[in-house]
Amino acid sequence: MTTGVGAPGRAQIEARTLRTDRWWASPAFTFAFLLVMVVYLTWAIFANKDYFWEPYISPMYSPCLTGNCVPGSGWGWFGSIAPITPAIIIIIFPMGFRVTCYYYRKAYYRAVWRSPGACAVPEPHRKYTGERRFPLVMQNLHRYFWYIAVVFAIILTADFVMSFRDHQGHWGHMGLGTLVLLVNVALIWAYTLSCHSCRHITGGRLKHFSKHPLRYKAWTIVSKLNAKHMQLAWASLAWIGLTDLYIRLVAANIITDLRFF
Ligand code: FES
């Protein structure tokens, strides 16, 4: 090999790595977790049923825009042109936001592409072109996906508010599903606001924080969230799956929603 770790000028080390710790554990766990989530969420996207039980709608299917939404769940904007699973139209945007996320990039570059698998572990690829060429240059769209993600967070917040109704649509009620949606929307907001792009939007390009006290305050809060971005990325992703599962089980009459009042 004349490129990468085998390039002239690089130390020629026979061993695959000199690391003796369990460096592979983190990428292996990441790979397994991502695999479980991708398989479940793909199945949920194409299931196209049991995603709505008034007043709850799965975050995978909200906003339900096609004409074939379960009655009462949808907006029906694309009724005549999209007789497909409503989740397909929606998932493009949250998925685009997550796939281009700076943290997820690190996670799947390491766990899936092994580029590299861990620090001081050579990658198996011969060439490294970074993110300067197609398709990886598209990762730069992340900052724009952020604005769309905020719109989705607002819609999911509305879904949470709507969940203070009973199965007949009367207001002033609450069930376990309401709490499930609350945790979901809280994690989605925390993940969205902890984004590196959000940190740049709030505090970037400023020469003097002292002249922009509000932006400085916002940047300080976002920076604290940003330090937990990895944890929020995993927790929010897992909870989206759990929220979908809970609503699916209720809608399919496998479990009963626990009503508080
Ligand atoms: S960096 Fe992860 S969502 Fe923006």
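The values are calculated or read from the model by the stated rules, or taken from the named source; none is laboratory data. Predicted model only: the values in this text are computed from it and were never measured. Here the Cβ is made from the backbone with ideal geometry for all residues, glycine too, and neighbour counts use every protein chain on show.
The table below lists the values:
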{"quantity": "Conditions (1) modelled with pLDDT under 95; (2) touching a helix residue (DSSP H, G or I) at 6+ places or on another chain (Cβ under 9 Å); (3) away from the ligand (no atom under 16 Å from the Cβ): number failed by Arg205", "calculated": "(2)"}
{"quantity": "Checklist (1) acidic (Asp, Glu); (2) within 16 Å of the ligand (Cβ to nearest atom); (3) touching a Ser or Thr at 6+ places or on another chain (Cβ under 6 Å) applied to Glu123, failing item", "calculated": "(2)"}
{"quantity": "Every pair of residues 6+ apart whose Cβ atoms lie under 9 Å, when the first sits in region 223-235 and is within 8 Å of Ser194 (Cα to Cα) while the second is away from the ligand (no atom under 11 Å from the Cβ) and at pLDDT below 95", "calculated": "Ser223/Gly203"}
{"quantity": "Any hit, region 141-154, residues being closer than 30 Å to Thr256 by Cβ, free of Cβ contacts under 8 Å to residues at least 60 places away in the same chain, part of a helix (DSSP H, G or I) and among the small types (Gly, Ala, Ser)", "calculated": "yes"}
{"quantity": "Residue identified as farther than 20 Å from Val222 by Cα, in contact (Cβ under 8 Å) with a residue 40 or more places away in the chain and either within 12 Å of the ligand (Cβ to nearest atom) or part of a helix (DSSP H, G or I) (or both) among Gly169, Gly117, Gly96", "calculated": "Gly96"}
{"quantity": "Cross-chain or 6+ apart pairs with Cβ under 6 Å, region 185-213 first and within 23 Å of Val161 (Cβ to Cβ), then exposed (fewer than 14 other Cβ atoms within 10 Å of the Cβ)", "calculated": "none"}
{"quantity": "Test: residue in region 236-252 that is of a type outside the set (Val, Ile, Thr), farther than 23 Å from Thr42 by Cα and in contact with a helix residue (DSSP H, G or I) (Cβ under 8 Å, 6 or more places away or on another chain)", "calculated": "no"}
{"quantity": "Region 208-220, residues that are modelled with pLDDT of 95 or more and either of a type in the set (Ser, Thr, Tyr) or at positive phi (or both)", "calculated": "Tyr216, Thr220"}
{"quantity": "Every residue from region 99-114 that is without any contact (Cβ under 8 Å) to a residue 24 or more places away in the chain and among the hydroxyl-bearing types (Ser, Thr, Tyr)", "calculated": "Tyr109"}
